[in-house]
Amino acid sequence: MRLVSPVTGQLLAEVAEHDSAEVERRVQAAARAFPAWSRAGFAARARVLQAAAAALRADRDALARLITEEMGKPIAQSEAEVEKSAWACEHFAAHAERYLASETIATDATRSLVRCDPLGPILAVMPWNFPFWQVFRAAAPALMAGNVMLLKHASNVPGCALAIERLLRDAGLPEGAFAALLIPGPAAEALAEHPAIRGVTFTGSEPAGAALAARAGRAIRPSVLELGGSDAFIVLADADPLAVAAEAVVSRTIAGGQSCIAAKRFIVEAAVYDRFVAAFAERMGRLRLGDPLDRATEIGPLARADLVDTLERQVRESVAAGARLVTGGARPAREGFWYAPTVLAEVVPGMPAFDEETFGPVAAVSRARDVAHAVELANRSRYGLGASVWTGDPARGEALAPELEAGSVFVNGIVKSDPRLPFGGVKRSGYGRELAEAGIRAFVNLKTVWVR
């Protein structure tokens with residue numbers, strides 16, 4: 001694996017991949033670790049997760065720097081990611097037993113109940129954009145349920161993968177109960193059919209997720225997919241367009257705009273459209289690009305060169321189709337993988353900026369005639385991960401939630417994941433849920449027990 005600096009584009013290191021024998025050794029070690037871990041009980045498992053949370057906080061600075069060096073997000077965002085990962089560990093340590101409590105149901109039996117038993121080794125295929133949070137939001141509930149996990153992380157964050165493995169081992173997780181696999185994507189697809197694997201969780205691109213789910217389905221394995229998103233950010237006419245524009249910038253530029261749940265399509269009622277576009281573009285245009293280890297930096301580089309190429313094509317083709325470039329729209333003259341914060345106005349369906357997921361700091365603003373048209377535009381996407389509605393009347397915003405085809409709807413707030421709430425999407429954004437009670441039950445056997 002070639003580890004390339006997003007800041008300079010220069011090679012940082014080459015990391016040896018695991019060969020097939022090492023992968024098999026790690027898979028078998030996970031299978032051997034499962035029986036004892038599954039019987040350890042909630043209190044014992046919680047102690048390990050609490051120790052992991054403490055270690056994350058104690059090593060926050062070093063871990064955050066590792067995140068930033070490998071994938072390029074500003075250091076303050078990396079620090080927040082480490083803290084959120086600790087929160088996930090603590091949340092599931094505290095609530096897993098309640099989430100998975102057996103339920104007694106009155107039937108013709110003397111006693112009948114439904115219990116939640118772990119499945120075994122879970123294969124987690126995770127992305128680079130939140131290299132700690134994405135792993136811990138899958139691992140914390142799975143481990144607390146009594147499963148063990150094998151992590152195939154993105155190839156550009158191997159240091160993060162190995163750091164998480166070490167941290168969990170040092171926190172007291174049994175040997176083999178969590179292992180990183182340094183392998184390419186096709187090898188992970190094949191691993192989904194390995195006899196020892198009992199479930200697959202994937203966060204990443206739509207094509208890769210579809211391929212992995214096909215292999216898991218062929219082996220009759222449960223899977224959870226969190227794929228792409230082109231989240232709608234709906235601004236109603238009764239909202240304050242200047243205040244909402246400030247929130248829009250934050251939502252669009254999380255992790256340099258490289259987030260599935262970042263707002264990407266800004267759908268604004270005509271009455272406030274021009275004022276919103278002007279305020280939004282002004283704020284986007286003065287964001288500070290620079291070294292992501294510098295705390296003054298607001299936008300770092302993109303993680304890979306091909307992401308810049310794709311973003312540049314999407315902007316170019318959208319402008320050629322009639323979109324208006326308000327700000328940005330170019331690569332800064334510097335080494336590394338950079339793209340200027342960009343706002344496109346008058347974006348309509350049929351343009352790449354509307355139809356495709358833009359993974360970087362490019363915002364597409366569309367004009368809506370009225371509320372009904374705004375909802376229509378929001379739903380005119382193959383994705384359905386999240387949506388937000390901005391309005392002076394929260395009850396009006398909440399009333400739109402049933403009409404929006406998305407796994408999450410936020411009213412007057414930025415779409416985000418929270419350990420207390422289920423997270424996932426519909427349509428081409430995937431299926432299944434992570435986090436909260438729904439997420440921890442994704443990889444358990446809901447077992448009926450009937451006694452006379």
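Nothing in this text is a laboratory measurement; each read-out follows from the coordinates by a stated rule. Note that this is a predicted model, so its numbers are computed, not measured. Neighbour counts are summed over all protein chains in view; Cβ atoms, including those assigned to glycine, are modelled from backbone coordinates with ideal geometry.
Averaging Cα coordinates gives a centre for region 261-307 and one for region 329-343; these two points are 12 Å apart. Rounded to the nearest 500, the 222 nm mean residue ellipticity of the chain from helices alone is -13000 deg cm²/dmol, with -39,500 (n - 2.57) taken per DSSP H run of at least 4 residues.
Expressed as a fraction of 2.2 N^0.38 Å, the C-alpha radius of gyration for region 1-102 is 1.40.
Distant-in-sequence amide contacts of Asn445, defined by a placed amide H-H separation under 5 Å and a gap of 5 or more residues or a different chain, comprise Asp117, Leu119. Remark: region 354-452 carries a charge dipole of roughly 460 debye about the Cα centre, counting +1 on each Lys and Arg Cβ and -1 on each Asp and Glu Cβ. In a DSSP loop and with at most 10 other Cβ atoms within 10 Å, there are no trypsin sites (Lys or Arg not before Pro) in region 55-111.
Which residue, Ala271, Pro222, Thr327, has the largest displacement toward the positive end of the dipole of the chain when charges sit on each Cβ (Lys, Arg +1; Asp, Glu -1)? Projecting each Cα onto the dipole axis, the largest value belongs to Pro222.
Remark: region 310-452 projects, on average over all directions, an area of 12.8 nm² (convex hull of Cα atoms). Against the empirical curve 2.2 N^0.38 Å, the C-alpha radius of gyration of region 231-419 lands at a ratio of 0.96. Relative to the longest principal axis of the Cα atoms of the chain, the long axis of helix 241-253 makes an angle of roughly 50 degrees. Ordering of 382-395, 148-161 by packing is 148-161, 382-395, highest average first (other Cβ atoms within 10 Å, averaged per residue). Between region 1-17 and region 174-218, the C-alpha centres lie 24 angstrom from each other. Dipole size of the chain about its Cα centre, with +1 on Lys/Arg Cβ and -1 on Asp/Glu Cβ: approximately 960 debye, rounded to the nearest 20. Pro121: net charge of surrounding residues, Cβ under 11 Å, Lys/Arg +1, Asp/Glu -1, itself excluded? For residues surrounding Pro121, the net value is +4. When the charge dipole of the chain is built from unit charges on Cβ atoms (+1 for Lys and Arg, -1 for Asp and Glu) and taken about the Cα centre, the candidate among Gly424, Ser251, Thr68 whose Cα reaches farthest toward its positive end is Gly424. Within the shell defined by Cβ-Cβ distances under 12 Å, the residues around Ala177 carry a net charge of +2, with Lys and Arg each +1 and Asp and Glu each -1. Between region 37-66 and region 371-409, the alpha-carbon centres lie 37 Å apart.
Note down the net charge around Ser102, summing +1 for each Lys or Arg and -1 for each Asp or Glu among other residues with Cβ under 13 Å from its Cβ. So the environment of Ser102 carries a net charge of +2. Charge dipole (Cα centre; +1 on Lys/Arg Cβ, -1 on Asp/Glu Cβ; no other charges) of region 263-416 amounts to roughly 300 debye.
Projecting the alpha carbon convex hull of the chain along each direction and taking the average yields 22.2 nm².
Of all lysines in the structure, those lying under 24 Å Cα to Cα from Lys264, and not within fewer than 8 positions of it along the same chain, are Lys73, Lys84, Lys416, Lys427.
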